[in-house]
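The values are calculated or read from the model by the stated rules, or taken from the named source; none is laboratory data. Keep in mind the model is a prediction, meaning the values are calculated, not measured. In this analysis, Cβ positions are derived from the backbone assuming ideal geometry, glycine residues included, and neighbour counts consider all displayed protein chains.
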Amino acid sequence: MENTWIPAALLGLSLAASTGLNTFLPLLMLAGAAHFKIFNADTLLGGNFAWVSSGGALAALSIATLFEIVADKIPSVDHFLDVIGTFSRPAVGAFAAASVFQGDPANAVLAGLVVGAPVAFGFHAAKAGTRAASSATTLGVGNPVLSTLEDIAAMGLTLVALVVPWLAPVLLLVIAFVLWRLVRAVKSKLPKFNRAATS
């Protein structure tokens, strides 16, 4: 019997991580792939989540994604989104991870709560930390660049998870490492910046 839960687990993990960077883009990509029946995404959605690929859900996710992508490029608005994201991204990450599990709904809920929410929160925390440090050192000028890189990372991770789920963990580790290095690099400039500002 084919272990369909393994690609589902890898996809769920990747979707959760991606929602930590961009709340709605990963779900939009999953919904679009399932709606148009590409990458076999229509077979990945659990029965209780088939509605995610409906035209109405796709339209709503498109609007939400467009709003977030644009708003996240605006200094100060991006911080407001990060505050909301502390709660919304783990919730959406849990939903995204649960949506690709077939069979027993309890397994889907467990996957969402145990894997989806914590992973999404972890990536969101790294994103928010990098953004706060960037605001302090660049006065927000660097934030739109970081936001664009986060969008690209979320899109790339979701695409890889849909096409080659076995490769997703590797890319996930690479993105996590890059985020960690970004946080360290930007925070290392904070003392120098603060000294310059007070002198």
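Conditions tested, residue by residue: (1) free of Cβ contacts under 8 Å to residues at least 12 places away in the same chain; (2) within 24 Å of Asp42 (Cβ to Cβ); (3) among the aliphatic types (A, V, I, L, M).
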position: Ile63; (1), (2), (3): yes, yes, yes
position: Pro75; (1), (2), (3): no, no, no
position: Ala91; (1), (2), (3): no, no, yes
position: Ala96; (1), (2), (3): no, yes, yes
position: Gln102; (1), (2), (3): no, yes, no
position: Arg131; (1), (2), (3): no, no, no
**Q.** Out of Ser99, Ser62, sole residue that is at pLDDT below 95 and more than 14 Å from the chain's Cα centre (by Cα)
**A.** Ser99
Q: Sort through Ala133, Ala161 and tell me the only one that's under 18 Å from Leu25 (Cα atoms), modelled with pLDDT under 90, crowded, with 20+ Cβ neighbours inside 10 Å and of a type in the set (Gly, Ala, Ser).
A: Ala161
Q. What residue, among those in the stretch 136-156 that are over 14 Å from Leu182 (Cβ atoms) and within 20 Å of the chain's Cα centre (by Cα), is surrounded by the most Cβ atoms within 10 Å (Cβ to Cβ)?
A. Ala154
Q) Taking the stretch 112-149 on its own, how many of its residues are among the hydrophobic types (A, V, I, L, M, F, W, C) and farther than 16 Å from Gly20 by Cβ? A) 5
Q. When the stretch 35-56 is examined, which residues are found to be over 18 Å from the mean Cα position of the chain (by Cα) and modelled with pLDDT of 90 or more?
A. His35, Phe36, Trp51, Ser53, Ser54, Gly55, Gly56
Q. Restricted to the stretch 54-90, and to residues that are among the polar types (S, T, N, Q) and out of contact with any Leu (no Cβ under 8 Å at 6 or more places or on another chain), which residue is surrounded by the most Cβ atoms within 10 Å (Cβ to Cβ)?
A. Ser88
Q. Would it be correct to say that Ser62 is over 17 Å from Ala108 (Cβ atoms), of a type in the set (Ser, Thr, Tyr) and in contact with a helix residue (DSSP H, G or I) (Cβ under 8 Å, 6 or more places away or on another chain)?
A. yes
Q) Across the stretch 2-41, what is the number of residues that are surrounded by fewer than 24 Cβ atoms within 10 Å (Cβ to Cβ), on the phi < 0 side of the Ramachandran plot and part of a loop (DSSP other than H, G, I, E, B)? A) 5
Q. Has the stretch 42-53 got at least one residue that is touching an Asp or Glu at 6+ places or on another chain (Cβ under 8 Å) and surrounded by 17 or more Cβ atoms within 10 Å (Cβ to Cβ)?
A. yes
